[in-house]
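K.L.:
Here it is: the structure, laid out below.
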Ligand code: BTN
């Protein structure tokens, strides 16, 4: 069995992902997951799309997502499920990424609003969720993780880090895909079962802003002490409730 065949077989047995599509290169795994039929001939079988290199990797807000061919991880986990609470997904996703990466990084990671995973002041991972109106119950959960790159150049020189740099050794990307898919599977199950307490607790802890003075950009800009936050709302000064769905930025007040 090849490493891909082994990984696919474990994914099939242990998670909802019945198929692994691993390509050398594509424009973006988000687009691959939108085009590629999987799960028989259905367009929406739960599957993992993994590229060793993306030519047009997409970040949030139309930004470009950079990877180093064969070293980093660009994965889209395509999930079809009826979620009564889909707004929880963008906040819960970095928790799953963090759970997959922390044992490898050997240190606590943090979440930077809205859903980046950082080690201290350097970005390790970013996520992107696509959904289209034709298939509203299908989520294309894109995760980029700097895995085995050890040099960041240009604009990334002072802001990027990788699992290899954090752990001091090259990492097995097949094991990383399995860890990620396992955590994403469990996180989606937690949303399906409305059992998010554990994920919310870790989210609060790793966001590190509870009881801090923060600045929130939503319909307007509000400054106050963050007294509560879960996957639905945040609360300032115990009385101003802001739905996360309208929060554009959340950071420590200057
Ligand atoms: C961000 O931090 O702005 C989000 C980055 C998301 C990158 C991942 S890599 C796999 C998937 N395919 C893409 O084109 N983007 C996401």
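K.L.:
Check region 17-24 and report whether any residue there is within 14 Å of the ligand (Cβ to nearest atom) and closer than 23 Å to residue 166 by Cα.
P.N.:
Residues of region 17-24 that are within 14 Å of the ligand (Cβ to nearest atom), as a first pass: 21-23.
Filter again for closer than 23 Å to residue 166 by Cα, leaving none.
Among the residues of region 17-24, not one is within 14 Å of the ligand (Cβ to nearest atom) and closer than 23 Å to residue 166 by Cα, which makes the answer no.
K.L.:
Got a number for residues in region 112-126 being within 9 Å of the ligand (Cβ to nearest atom) and either closer than 16 Å to residue 62 by Cβ or under 10 Å from the mean Cα position of the chain (by Cα) (or both)?
P.N.:
4
K.L.:
Against the conditions (1) under 24 Å from residue 140 (Cβ atoms); (2) not assigned by TED's automatic domain parsing to the domain that holds residue 116, where does residue 220 fall short? Just the number, please.
P.N.:
(1)
K.L.:
To continue, here is another question. Restricting attention to region 183-205, does a residue exist that is over 20 Å from residue 85 (Cα atoms) and buried (at least 17 other Cβ atoms within 10 Å of the Cβ)?
P.N.:
no
K.L.:
Criterion first (modelled with pLDDT of 95 or more and over 20 Å from the mean Cα position of the chain (by Cα)) does residue 4 satisfy it?
P.N.:
yes
K.L.:
Among 87, 95, 48, which is within 30 Å of residue 204 (Cβ to Cβ), in contact (Cβ under 8 Å) with a residue 24 or more places away in the chain and within 15 Å of the ligand (Cβ to nearest atom)?
P.N.:
48
K.L.:
Determine, yes or no, whether residue 107 is within 14 Å of the ligand (Cβ to nearest atom) and either over 16 Å from the mean Cα position of the chain (by Cα) or over 21 Å from residue 203 (Cβ atoms) (or both).
P.N.:
On the way: within 14 Å of the ligand (Cβ to nearest atom): no; either over 16 Å from the mean Cα position of the chain (by Cα) or over 21 Å from residue 203 (Cβ atoms) (or both): yes.
No: the conditions fail for residue 107.
K.L.:
Now for a different question. Against the conditions (1) near the ligand (Cβ under 8 Å from one of its atoms); (2) within 26 Å of residue 191 (Cβ to Cβ); (3) modelled with pLDDT under 95, where does residue 29 fall short? Just the number, please.
P.N.:
Unmet condition: (3).
K.L.:
Among the listed residues 229, 246, identify the single one that is closer than 14 Å to residue 87 by Cβ, surrounded by fewer than 14 Cβ atoms within 10 Å (Cβ to Cβ) and free of Cβ contacts under 8 Å to residues at least 60 places away in the same chain.
P.N.:
Selected residue: 246, the only one of 229, 246 that is closer than 14 Å to residue 87 by Cβ, surrounded by fewer than 14 Cβ atoms within 10 Å (Cβ to Cβ) and free of Cβ contacts under 8 Å to residues at least 60 places away in the same chain.
K.L.:
Hey, another quick one. Please find, within region 60-84, the residue that is surrounded by the most Cβ atoms within 10 Å (Cβ to Cβ) out of those that are under 22 Å from residue 20 (Cβ atoms) and more than 15 Å from the ligand (Cβ to nearest atom).
P.N.:
Going through region 60-84, the residues under 22 Å from residue 20 (Cβ atoms) turn out to be 65, 67-81.
Imposing the further condition that a residue be more than 15 Å from the ligand (Cβ to nearest atom) reduces the set to 80-81.
Details: 80: 17, 81: 14.
If we take residues in region 60-84 being under 22 Å from residue 20 (Cβ atoms) and more than 15 Å from the ligand (Cβ to nearest atom), then 80 is surrounded by the most Cβ atoms within 10 Å (Cβ to Cβ).
K.L.:
Let me confirm something: among 14, 56, 24, which residue is within 30 Å of residue 194 (Cβ to Cβ) and surrounded by fewer than 20 Cβ atoms within 10 Å (Cβ to Cβ)?
P.N.:
Of the residues listed, the single one that is within 30 Å of residue 194 (Cβ to Cβ) and surrounded by fewer than 20 Cβ atoms within 10 Å (Cβ to Cβ) is 14.
The values are calculated or read from the model by the stated rules, or taken from the named source; none is laboratory data. Please read these numbers as outputs of a predicted model, since none were measured by experiment. Heads up, the Cβs are rebuilt from the backbone with ideal geometry, glycines too, and the neighbour counts pull from every protein chain shown.
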